[in-house]
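The values are calculated or read from the model by the stated rules, or taken from the named source; none is laboratory data. Treat the numbers as computed from the prediction; the structure is a model and nothing was measured. Please note: Cβ atoms are built from the backbone with ideal geometry, for glycine as well, and neighbour counts cover all protein chains shown. What goes into the accessible areas is simple: the full protein's heavy atoms, side chains included, and nothing from ligands, DNA or RNA. Shrake-Rupley method; radii C 1.70, N 1.55, O 1.52, S 1.80 Å.
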Amino acid sequence: MSERRRETLTYLVGYALALVLTLGAFAAVKWPIAAAGTTLAIILALALVQVIVQFRCFLHISLSRSSRHDLLLVLFASLIVTLMVSGTLVILFNLRDRMM
Amino acid sequence: MTQPSLRHAGINLGGTQEDPNADAESGIFGFWMFLMSDAVIFALLFAIYGTAVAATAGGPTPRSEFKLDSALIETLLLLTSSLTVGMGVLAMKYDATRRPVFAWMGVTLALGIAFLFMEWHDFSTMFSHGAYPTRSAFLSSFFALVPLHGLHVLAGCIWMLVMGAQVLAYGFDTRVKINILRLSLFWHFLDVIWIAILTVVYLQGHVS
């Protein structure tokens, strides 16, 4: 298979997967099959999978040796984001509980 | 023929040119630094939104303001534009003629502008319901987060026009090609941010 066909296929597979995941998340909200908390967990999980799919297929971040630098940068940014977001949520929710 | 190897994230120019990757590697990596710091800004706005979403102060609520059907159309517009910008980059890499690249990028630009019009329509509907930024903490954090993404899309549209002018002026030289690679990374990145907005803001508003 030529390089061009392989790369085009990567985009098309990413697009198809993203479509399925998006429509799945909409369906989970439109026709709920579980309690609200479970539905929320389902759509957050679908979004996380879709972000990974888009990073893999559209942004071409992969585990291959040659793109390690970019992978490290993305993983480091994810670490920073996780720390800052979870810290913000913990502190602000704690603050709200104290003010109630 | 040498085996083209992936040297940096995104579509590599390798395989069709002498060694464009040497220039591209550091330039693209620097652009990734920008993207990731932009991601940090968005992540913190998401965190603020998460803590403020319940603080509606008796005013409009997420469920009353967010329309799932228009969110779905906006998602499909952006997702499709992410595919077409990728096709544009592949056309640039393998054809390096103006017509297919302009066609794909033109479709992308049209989808981006359609997205902006939909979003503008949503916001003006919200304003007409009295859902404006100063109404409650929920609406302040909403209007900090979602229009910032819209501004990024607007910047991407303007950037696309600038790249069109650069292609007309310089043709597909290495610098123009690397700029288009950066533009495509930016556009894909905005689609990823939109997935997070769709989930955390629009879909979460209709759960429960």
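A few notes on this one:
- For chain B, the dipole from Cβ point charges (+1 on Lys and Arg, -1 on Asp and Glu) about the Cα centre works out to 140 debye, to the nearest 20.
- Charged side chains reduced to their Cβ positions (Lys and Arg at +1, Asp and Glu at -1) give the protein assembly as shown a dipole of some 260 debye around its Cα centre.
- The contact between chain A and chain B removes approximately 4300 Å² from the accessible area (both sides summed; 1.4 Å probe; ligands, DNA and RNA excluded).
- Cα-based helix-to-principal-axis angle, B:21-52 vs chain B, degrees rounded to 10: 0
- The accessible-area loss of the range B:76-101 on complex formation, taken against its chain alone with a 1.4 Å probe, reaches 30 Å² or more at B:76, B:79, B:83, B:87, B:90, B:94.
- A simple rule links phi to the HN-Hα coupling: the Karplus curve 6.51 cos²θ - 1.76 cosθ + 1.60 with θ = phi - 60°, which for the range B:123-130 gives 5, 5, 4, 4, 4, 5, 7, x Hz, with x for Gly and Pro.
- Relative to the dominant Cα principal axis of chain B, helix B:174-197 is inclined by about 20°.
- Helices that extend 20 Å or more along their long axis by alpha-carbon positions and average at least 1.0 on the Kyte-Doolittle scale are, among the DSSP H runs of chain A, A:36-57, A:68-99.
- Here the Gaussian network model covers chain B, with springs between Cα atoms less than 10 Å apart; of B:77, B:90, B:44, B:44 fluctuates the most.
- Accessible area in square angstrom per residue, the protein assembly as shown, 1.4 angstrom probe: 47
- Note on the range B:21-206: dipole from Cβ charges, positive end direction compared against B:59, B:86, B:142; the farthest Cα belongs to B:86.
- When a 1.4 Å probe is rolled over the protein heavy atoms, the share of accessible surface on the protein assembly as shown that falls to carbon and sulfur comes to 70 percent.
- Peptide B:35-42 has a mean of 3 when you count, residue by residue, the C-beta atoms of other protein chains within 10 Å of its C-beta.
- Relative contact order [Cα under 8 Å, 6+ residues apart], the range A:1-60, whole percent: 48
- Toward the positive end of the charge dipole of the protein assembly as shown, with +1 on the Cβ of Lys and Arg and -1 on the Cβ of Asp and Glu, the farthest Cα among A:55, A:17, B:185 is that of A:17.
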